[in-house]
Amino acid sequence: MMNASCHKAVDATVTGLPSGQPTYNLRLYVAGQTPKSLAAIANLKRICEDHLVGRYTIEVIDLMKTPQLAEGDQIVALPTLVRHLPPPLKRIIGNLSDTEKVLVGLDIRSKDAIE
Amino acid sequence: MSSAQPNLPKRDAIQLPKTPTGINGLDDLTLGGIPTGRPTLLCGAAGCGKTLFALTFLVNGATEYGEHGVFMSFEERSQDLSANVSSLGFDLDRLVAEKKIVVDYVRIERAEIEESGEYDLEGLFVRLGYAIDKIGAKRVVLDTIEALFSGLTDSAILRAELRRLFAWLKDKGVTAIITGERGDGQLTRYGIEEYVSDCVILLDNRVQDQVTTRRLRVVKYRGSAHGTNEYPFLIDDQGVSVLPITSAGLGHAISSETVPTGVADLDAMLGIGGYFRGASVLISGLAGTGKSTFGASFVDAACKRGEHCLFFAFEESPDQVVRNMRSVGIDLAPHLAAGLLRFEAARPSLYGFEMHLARMNRDIESFKPAVIVVDPISAFRGPSSEIHSTLIRLADICKTKGITTLFTSLSSAGESMNESERSVSSLMDTWISLEDKESNGERNRVLYLLKSRGMNHSNQLREYRLTGGGITMIEPYIGTEGVLTGTARLAQEAREREAQLGRRQSTERRRREVARKRSAAERQIAEMRAAVEAEEAEIATLIEQEEARESAVGSDREKMAVNRGARK
């Protein structure tokens, strides 16, 4: 129910999408080039290419370089993926190795869809 | 605070670098503060004051010790936090604006977070590290980091990360306070005391007889001696203060200086012109015998000498005391206005004994009075052992500071000593007992000195009156019928005056009689003398006549002889 209302809200703001599907504005927070960070980046790119072709943006933020950005998005654990759009704000922590959980977390696939 | 330090070994004091918390009393019992550059665990149940304690540590660091601080809150939002501590007189927003303190609110909402794969808490490290470096913080508070356990599911990762965090804090060289909620059978709910073990302070908020007392205990302190008892502490509009009272040895210096009692005749009775400075004085008596008035007289006299006085009123409000004392000619209002006199009024049932003591100690520390009055100690109800320990420590605190303390105590009729009196009687240097004498259908007030250490005091029962001009003593009437008071004394005095008058009159009468007798006698003498003189005069006349006759006879005879020619 909640998802439905959100989609509606996004539909109103995001323009020119023929499919009527929202654009995903994703931000991935990492700290340095650790194996976990690299795995998270790779996993995220793979998931997006598989499920959100043409309608996503990914911003990778390295907190080692810009630590001041950690507070704004309430980052505690790393890596953290934050979905800014479509609302509501969603956070997924971990190296994103569990694709199903990422898809559910990003509302790309509803929980019911998982067998 | 130095004088009220607990009796602890001092030789360990320099072993470990310590960071003062600036919390009254806590630095004394930890002999300098919490360990510098190490994390300290502050744990306690909900509502113990953990957050305020921790924040006081930061604010004092920023304002008093020039050490900036980072407050990482996992529970309260920044704005709530500054609103909450403004009640303690801390302006957190200003300190944040001045870049002396950074408040970082870490919000972890389980519902918003999905976990997928491996993660660590590096983000927390980054945030904390960034905040520390931004203002060059030396102090860090994590309040309360256990909230992470409810926000994240993987407790194995959390534990490993917390261990890493505390090690990292140590490497950073910051002095940290980590707060934790009290758990069942262990100090914290998630057992984080395993990781923070250099110094553990336990806060407790206990309810006994419907009265809560906050207590603090230093559970452990690696590498340092510390006070091991439970110490009461209080949180009020003046912040947090701990009262370190353990043994308060009897080593205090004493004074031979005297402090006038405010009642001239009482000064005289005491033999040395007043109480000893730093003495503990107990004034006990029945209701309405003027205990408070004696206290107020003492305070009034002290204020007139320019000394600071603290009046702890447990039964009357300050205004009531001032008004009532005005009726006996003691005006305390100017002293209040001049800042020499301060009232601290509270219901005895407001806190437990320990809290009262802590509060009194704090007030004494801040006001530095020369004289305090506690009116009355009998207002404290409870087990005698507790009353005793509270009062003994109060008396000790005052003695070590050279404060003259006047306690009043309400005794009840028919009872020679009540609980609070019995418990303090041996502590008191001077004990003045006020009594009601009932006779001839009236009550009269008498006082006597039950004891007064170190002075040659009067043992006379004295009647006193509370008049518009204060307390006045009446010269004792001691006669054949014993010590009399009130109208009995007046009547006896009148009788005596009458008897004296009668005696004087009869003496006068006898004197007059003697005088009369004397004058009568003198008159008689004069008469007799006059009679004798008259007789003498008569005889003289007779002799004259005789002589005249004899000479006449002689000349006649010669004439006759010539006539007869017997002679030529």
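Based on this model, can you work out whether B:F74 counts as in contact (Cβ under 8 Å) with a residue 40 or more places away in the chain, out of contact with any helix residue (DSSP H, G or I) (no Cβ under 6 Å at 6 or more places or on another chain) and either over 12 Å from B:D143 (Cβ atoms) or crowded, with 20+ Cβ neighbours inside 10 Å (or both)? Here the answer is no, as B:F74 does not meet what is asked. For segment B:151-181, filtered to residues that are of a type in the set (K, R) and over 52 Å from the mean Cα position of the chain (by Cα), the residue that is modelled with the lowest pLDDT is B:R159. Of the candidates B:E230, B:E193, the single residue that is charged (D, E, K, R), in the same structural domain as B:N24 (by TED's automatic domain parsing) and more than 39 Å from the chain's Cα centre (by Cα) is B:E193.
Kindly check whether there is at least one residue in segment B:114-122 that is in contact with a Lys or Arg (Cβ under 9 Å, 6 or more places away or on another chain), assigned to a strand (DSSP E or B) and not acidic (D, E). For segment B:114-122, residues in contact with a Lys or Arg (Cβ under 9 Å, 6 or more places away or on another chain), assigned to a strand (DSSP E or B) and not acidic (D, E): absent.
When B:A358, B:A296 are screened for being among the hydrophobic types (A, V, I, L, M, F, W, C), farther than 28 Å from B:S412 by Cβ and buried (at least 21 other Cβ atoms within 10 Å of the Cβ), only B:A358 passes. Each residue in segment A:39-61 was checked for being in a helix (DSSP H, G or I), of a type in the set (A, V, I, L, M) and touching a strand residue (DSSP E or B) at 6+ places or on another chain (Cβ under 8 Å), and 3 pass. Elements of the type strands (runs of 3 or more DSSP E) sitting completely within segment B:451-568 and holding at least 3 residues that are touching a strand residue (DSSP E or B) at 6+ places or on another chain (Cβ under 8 Å) and not β-branched (V, I, T): these cover B:462-467. From the residues in segment A:84-104 that are outside any strand (DSSP E or B), facing chain B (nearest Cβ under 7 Å) and of a type outside the set (A, V, I, L, M, F, W, C), which one is surrounded by the fewest Cβ atoms within 10 Å (Cβ to Cβ)? Applying the filter and picking the extreme gives A:S97. Just the residues that are more than 7 Å from chain A (Cβ to nearest Cβ) and without any contact (Cβ under 8 Å) to a residue 40 or more places away in the chain, please, taken from segment B:117-149. Across segment B:117-149, the qualifying residues are B:D133, B:K134. Among the criteria (1) within 14 Å of chain A (Cβ to nearest Cβ); (2) among the aliphatic types (A, V, I, L, M); (3) more than 25 Å from B:E146 (Cβ to Cβ), the one B:I108 does not fulfil is (3). Once segment A:59-83 is narrowed to residues that are under 12 Å from the mean Cα position of the chain (by Cα) and modelled with pLDDT of 90 or more, the residue that is farthest from the other protein chains (Cβ to nearest Cβ) is A:E59.
The values are calculated or read from the model by the stated rules, or taken from the named source; none is laboratory data. Quantities reported herein were computed from a predicted structural model and do not represent experimental measurements. As a convention, Cβ positions derive from the backbone with ideal geometry for all residues, glycine included, and neighbour counts pool all protein chains shown.
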